[in-house]
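Report on the following structure.
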Amino acid sequence: MSKQVTDILIVGVGGQGTLLTSRILADVAVQMDYDVKVSEIHGMAQRGGSVVTQVRFGKKVYSPIIKKGDADILLAFEKLEAARWLDYLKPDGMVIINDERVDPLPVMSGKVKYPLDIVDKIRDKVPNTRLINASEIASQCGNSRAANVVLVGVLAAVAGLPAEEMESAIQRLVPAKAIETNLQAFKEGMSIIPN
Amino acid sequence: MKQLMIGNEAIARGAYEAGATVATAYPGTPSTEIVSSFAKYDNVYAQWAPNEKVALEVGVGASIGGARTLVAMKHVGVNVAADPLYTFAYTGVTGGLVLVSADDPGMHSSQNEQDNRGYGKFAKMPVLEPSDSQEALDYCRIAFHISEEFDTPVMLRITTRLAHSQTMVEIGDMEDYQLKPYKKNVPKYVMLPANARGRHVEVEKRMLALKEYAEACELNWIELADTSIGIISSGVPYQYVKEVMPEASVLKLGMVNPLPETMIREFAQKVDRLVVIEELEPVIEEQIRAWGIPVEGKELFSLLGEYSPELIESVLKGVRNEDLYGLVKEIPGRPPLLCPGCPHRGVFYTLRKMRLVVAGDIGCYTLGALSPLDGMDTTICMGASIGTAMGMEKARGPEFAEKMVAVIGDSTFVHSGITPLIDIVYNQGTSTVLILDNDTTAMTGHQEHPATGKNINSEPTKKLDLPTLVKAIGIENVRVVDPLKLDQLQSAVQEELERREPSVIIAKRACALIETQPTGIKYYVDPELCTGCKVCIRLGCTGINFLDEEKVAVMNLNSCVGCGLCPQVCKFDAIKVLEV
């Protein structure tokens, strides 16, 4: 059975700017006349904890959350978080990982080690894994903080979302002074993975 | 045109379209955005109340005064408001009143997962439950009409998943609602026993009329398909059912109190197997069982937590949902923690260092209970810290109070910490109470409150002066300290504990997320001086990490905001100011 709905799981650490990414994505899906549902959790978990936003779009979407093992794309803003949420990915799904390490408390305190081979482990299980150095690309565009929009570009390319609509959504949703940097970051992101 | 809205925004929109002009709330995840969204509309009045009881009482007054009124709170807030609620259910309304209860199955940000649909039955009030943002908007509008037609407050029960999911919404036009005239009506609004007896009769009549309404209203419907299984569901779980059981027959309930008995009986007769899918308590299931209809529910589905599409699929279709990859078991967890620069951090570090018993409360600072700060012994509900400390002292004697403090935030203190402080003074307790005053309601996203001196629209208003208030209560030992100055904080706590009198220490510093003045100071760890003792790591701050191989601490300059706590705890002066 071919899927009627595109499921994108965006994960990261509280404060990394995952919300802007899901907003841009959802905005474009709405423009394209899809039925769209986005689920995110606020509150206590946001405080430096693991955060997840679920974006679903298609002709008709019922559940606001993605069924475990059903996500088409897992976009991780942090490497450990990619592993944490990997079980939501469908068997032939794609993982896009930002090459960013944010130590959780047990690592910071020296109780456990950050698993340095985590991307290799993910790659072993999911061949379609891409590691993106979004911060560096964003720096080259003018501001490392546009890393999330680099990842939006990557996502647009792999999910087949129209560049023009994405760019106009970015213009609507980022602060005026950051538009140029963010558009450049988006273009760079789009070009990383050949469509 | 359709647009995306979270459930909370859609509820605000629904109230606005219904012509509501008054909205009141105390902020609480996941309900906060309802009234903060409503406040953005023109020509309406919205407010943060000091607590949910006041919020509802203001709502009651607005309704009696003739306005359509929206009141919103999280599930446990309804407990605080329960006293006026039960009696308001007797008096009924003038202008329609909708009370939103935002429940939190799974406890994403709460201390319990009580199911507030139970209030509907208990207070004899209709309860509507939307399953997406469009329904949230529509049901809110309908709820105002039910409220006025049946002369009752109406509960709109939502869950975190609805409150914080964005789904497509078609907005509508505003109703032309005119403020109803105020008429003195003593038998209806003065709940003396004689009048209340009369009103109870009306309540029972109303419930019978609502039962009839439930049978024919647009809120409940049957989707007849494969009749080998019939599912009764409501709220977001209905969407999960549609996702994984598109072939099943479904009775979708938009009104969960009272239930449409005839409709349910007819549905039950048409299907071979009847299953109720409802998160938390078997509210619908038990009613159906009481009617003698064979039904399955909680023997299949848990009383605990939030449901999911995969859960329903695995229970009803036998689809095994094994983890495909299983890497999650191999990696370290990522617990939430206090932000870098948070003024609460040093408080809990100090309290633990002093080995004190800490009666805690509800807010960001509840994270002070987690490792490595480990700075809290109890957390029950909003405001409980002070009464709990008093009870411990009365059970164990004043010597025990010399090794114990109550810790409460500024917003929480105003919410429900004042009366227990009066109790300490009145009944001659000797507790030391720390008010962690960060000048905001932080956990819920920085809402104003009476002691910030600003209203919901960030306009200046009379500021509640906490030291003056505390003194007026009769606390003679009141002092204000900077929680980032650890020596000052510790000696203040020590001195007040030694005093056999009640004391209040206000640890005053703005939340690190609203403090816009950066310190500009960056620190570094001198690896020659660092002995690897990990005292700084016990602060639990992302600004300082421990290198396991080198056995030294190192600053994380991406995270550090230069609050200056870690140099104060280092006994070897290894943390120094970085010359930039």
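The values are calculated or read from the model by the stated rules, or taken from the named source; none is laboratory data. The structure displayed is predicted, hence computed values, not measured ones. FYI the Cβ positions are ideal-geometry reconstructions off the backbone, even for glycines, and counts take in every protein chain you see.
Points worth noting:
- Cβ-Cβ contacts under 6 Å between residues 6 or more apart (or on different chains), taken from a first residue in the range B:521-543 that is assigned by TED's automatic domain parsing to the domain that holds B:LEU565 and under 24 Å from B:PRO483 (Cβ atoms) to a second residue that is surrounded by 15 or more Cβ atoms within 10 Å (Cβ to Cβ) and among the basic types (Lys, Arg), are listed as B:LEU539/B:ARG345.
- Any hit, the range B:75-87, residues being in contact (Cβ under 8 Å) with a residue 40 or more places away in the chain, surrounded by 20 or more Cβ atoms within 10 Å (Cβ to Cβ) and in contact with a Cys (Cβ under 7 Å, 6 or more places away or on another chain): yes
- Residues of the range B:496-511 that are surrounded by fewer than 19 Cβ atoms within 10 Å (Cβ to Cβ) and either touching a strand residue (DSSP E or B) at 6+ places or on another chain (Cβ under 9 Å) or closer than 23 Å to B:SER411 by Cβ (or both): B:ARG499, B:GLU501, B:LYS508, B:ALA510.
- Of B:LYS74, B:LYS40, all but one fail to be within 17 Å of the chain's Cα centre (by Cα) and not hydrophobic (A, V, I, L, M, F, W, C); the exception is B:LYS74.
- When the helices (runs of 4 or more DSSP H) confined to the range A:92-166 are screened for residues that are among the hydrophobic types (A, V, I, L, M, F, W, C) and touching a residue at least 40 places away in the same chain (Cβ under 8 Å), those reaching at least 3 such residues are found at A:134-141, A:147-159.
- Among the residues of the range B:249-262, those that are more than 23 Å from B:VAL203 (Cα to Cα) and either touching a Leu at 6+ places or on another chain (Cβ under 8 Å) or away from chain A (no Cβ under 14 Å) (or both) comprise B:SER249, B:LEU251.
- Only one of B:PRO340, B:PRO335 that is in contact with a Cys (Cβ under 9 Å, 6 or more places away or on another chain), outside any helix (DSSP H, G or I) and modelled with pLDDT under 95: B:PRO340
- Flag for B:GLY368 being touching a His at 6+ places or on another chain (Cβ under 8 Å), part of a helix (DSSP H, G or I) and either within 20 Å of A:GLY49 (Cβ to Cβ) or at pLDDT 95 or above (or both): yes
- Where a residue in the range B:452-474 is surrounded by 15 or more Cβ atoms within 10 Å (Cβ to Cβ) and its partner, wherever it lies, is acidic (Asp, Glu), with Cβ under 6 Å and at least six apart: B:THR452/B:ASP439; B:LYS454/B:GLU448
- Condition check for A:LYS111: among the basic types (Lys, Arg) and in contact with a Pro (Cβ under 9 Å, 6 or more places away or on another chain): yes
- When the residues of the range A:52-84 are filtered to those that are closer than 15 Å to B:ARG334 by Cβ and more than 8 Å from chain B (Cβ to nearest Cβ), the one that is farthest from the chain's Cα centre (by Cα) is A:LYS79.
- Enumeration of residues in the range B:123-163 that are of a type in the set (Phe, Trp, Tyr) and part of a helix (DSSP H, G or I): B:TYR139, B:PHE144
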